[in-house]
Amino acid sequence: MKSGIHPDYHTVTVKMTDGTEFATRTTWGKEGDTLALDIDPKSHPAWTGGSQHLVDRGGRLSRFEKKFSGLMKQGGAKK
């Protein structure tokens, strides 16, 4: 490996949204810095399966359901 072209790789503390902390190695910041997360796997709906629901604005959802209602038929495969 060439010398002088790689970034400084050091230890920082990561602070999760619930206050828990852990140490990791990274090129972010300086040695001993604290990275405070705004979103993490414990709080973000993409990882927690949050309460998502479909909102029908202007009838778009109902038009979509009406248009594609017969596409997936129950009880067997298409012939």
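Structure notes:
- Evaluating 6.51 cos²θ - 1.76 cosθ + 1.60 at θ = phi - 60° for every residue in segment 60-71, the Karplus couplings come out as 5, 5, 5, 5, 4, 4, 5, 5, 10, 5, x, 5 Hz, glycine and proline recorded as x.
- Peptides ranked, highest mean first, by Cβ atoms within 10 Å: ranges 32-41, 62-71: 32-41, 62-71
- Eligible aspartates and glutamates near Lys2 by straight Cα distance, threshold 20 Å, same-chain separation 8 or greater: none
Read the figures in this text as sums done on the coordinates, not as results from a lab. This is a predicted model, so every value here is computed, not measured. Heads up, the Cβs are rebuilt from the backbone with ideal geometry, glycines too, and the neighbour counts pull from every protein chain shown.
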